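Have a look at the structure below before the remarks.
The values are calculated or read from the model by the stated rules, or taken from the named source; none is laboratory data. Source: prediction; values computed, not measured. Glycine gets a Cβ as well: all are built from the backbone with ideal geometry, and neighbour counts include every protein chain shown. For the accessible areas, the whole protein counts, side chains as well, though only heavy atoms, and no ligand, DNA or RNA atoms are used. Shrake-Rupley method; radii C 1.70, N 1.55, O 1.52, S 1.80 Å.
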Amino acid sequence: MSVVALSELLGASVRDASGAVRGRVREIAIAPQDHPTRIAFLIVKTPSGERMLPPDAITSAGATVRAGNDASQWEAFSPSDGLLLLKRDLLDQQIIDIHGRKVVRVNDVELESTPVNSHLLINVVAVDVGARGAVRRLSKGMVPSFTLRALLERIPPRVIPWQFVDLLETDPARRVKLKIAYTGLAQLHPADIADIVEDLAPAERESVFETIDEEVAAEALEEIDPDIQVSIVKSLDKDRAADIVEEMDPDAAADLLGDLEEKHSDEILKEMEPQERHEVTQLLEFGERTAAGRMTTEFVAVAETAVVDDAIEALRAFEGSAEAVATIYLTGPGLKLVGSVPLVKIALSSPAVQLSQLSEPHISCARDTPQAEVAALFDKYNLITLAVVDEHGRLAGIITADDVITMLRHRD
């Protein structure tokens, strides 16, 4: 096996079986739907037009490419939307480094050629995002090859294995055909996705949020700066935006929609499922800087007569965020809040134990409590969640610690 850089192959002379130079390499193509890393063919510029040279006809690849057949056997190249062209689609483009959790620029591409019988198999193995790739390209044709090799040996490599790369594609039609699914990106923590997205250009942000799973997109969107949130949602069609907003925590969704123009917000709400729309619409009625504006309506509450086993069943049926289940709330007649039980107590207790025996003094606030007072309550009582009650003492929602952290980060 040997490794050759894309920049070395581009412009390389191509000789056919007779040894005559028939053209030069203009581009290298991959057909991702057939194989994610394997080179499908080289595009060779010849006097008779652009031709396709498949790897099974290549006997060597480097400063000179040699083919084992006659140039007359090379088929004419016809552009296709299903192709990934390495020069066009990778060189100088931004890509997501999944391993490093950041956005980087591609300076070169490393290819590995493996002899198989009388021809080569060529695969993309890594992208070069360091100085070595940049120097190699800038020096090509200007510095003798032996001098360039000596120089490159003194520059530490900085490459990203191909499996840790997610491509950015801003053309929806090509993206679908290339089946770029951002599978690696979707496996990152939402906060890491948010950091990556904030470094991207607007069109590339839209591309990411059009492609990744709605639930992942929602979690990542909650972590992004509010101004960028608005920009992303505006760039999406209303159906896609509604699918993502539905997966967000109701309080976060309300904050986002509250920052949009009323017409745009209404369009998204109309596309949402009735239950999610009702929850978010309720929260939109309150001021953003109040307890009700910061609360989520997703929480776990059971009757004060319930036992530990009942709480566990309620937890199993709960579809909200993990932060919201840190405390189980107890309600009495008229659904009034009467107590709270930390999740850890439930985990350590027998199934038949009455929850009222595990209850702690609950801290709550009114819906119109200013957010500064909300933060003060979390600080004073070292809270993980805070209950928000209506004028009748009924549990209306809860505020979680991560909501308070977000609130403090974005405080004017």
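Numerical summary
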read-out	value
Residue ID - least open to solvent (accessible area, probe 1.4 Å), chosen from residues in the range 375-406 that are over 27 Å from Gly334 (Cα atoms) and in contact with a Phe, Trp or Tyr (Cβ under 7 Å, 6 or more places away or on another chain)	Val404
Residues located in the range 12-35, provided they are in a loop (DSSP other than H, G, I, E, B), closer than 20 Å to Asn69 by Cα and open to solvent by 10 Å² or more (accessible area, probe 1.4 Å)	Ala17, Ser18, Gly19, Ala20
Counted residues, the range 96-136 - those being part of a strand (DSSP E or B) and of a type in the set (Lys, Arg)	2
Residue count, the range 200-222 (criterion: assigned to a helix (DSSP H, G or I), hydrophobic (A, V, I, L, M, F, W, C) and open to solvent by less than 10 Å² (accessible area, probe 1.4 Å))	6
Qualifying residue in the range 63-78 (condition: open to solvent by 30 Å² or more (accessible area, probe 1.4 Å), free of Cβ contacts under 8 Å to residues at least 12 places away in the same chain and not hydroxyl-bearing (Ser, Thr, Tyr))	no
Index of the failed condition, Asp379 passing every other in (1) out of contact with any helix residue (DSSP H, G or I) (no Cβ under 6 Å at 6 or more places or on another chain); (2) assigned to a strand (DSSP E or B)	(2)
Filter result for Asn117 (open to solvent by 40 Å² or more (accessible area, probe 1.4 Å) and assigned by TED's automatic domain parsing to the domain that holds Glu8)	yes
Among residues of the range 350-374, those that are of a type in the set (A, V, I, L, M), open to solvent by 20 Å² or more (accessible area, probe 1.4 Å), assigned to a helix (DSSP H, G or I) and closer than 15 Å to Met295 by Cα, counted	1
Considering residues of the range 245-260 that are over 15 Å from Val404 (Cα atoms) and not in a helix (DSSP H, G or I) only, the residue nearest to the chain's Cα centre (by Cα)	Met248
The range 234-250 residues that are touching a residue at least 40 places away in the same chain (Cβ under 8 Å), paired with ones that are charged (D, E, K, R) (beta carbon under 7 Å, 6 or more apart)	Asp249/Glu222; Asp249/Glu298; Pro250/Glu279; Pro250/Glu298
Arg289 being touching a helix residue (DSSP H, G or I) at 6+ places or on another chain (Cβ under 6 Å) and touching a residue at least 12 places away in the same chain (Cβ under 8 Å)	yes
Single condition Ile43 does not satisfy, out of (1) free of Cβ contacts under 8 Å to residues at least 60 places away in the same chain; (2) touching a helix residue (DSSP H, G or I) at 6+ places or on another chain (Cβ under 8 Å); (3) β-branched (Val, Ile, Thr)	(2)
Counted residues, the range 79-114 - those being open to solvent by less than 20 Å² (accessible area, probe 1.4 Å), over 27 Å from Val21 (Cβ atoms) and small (Gly, Ala, Ser)	1
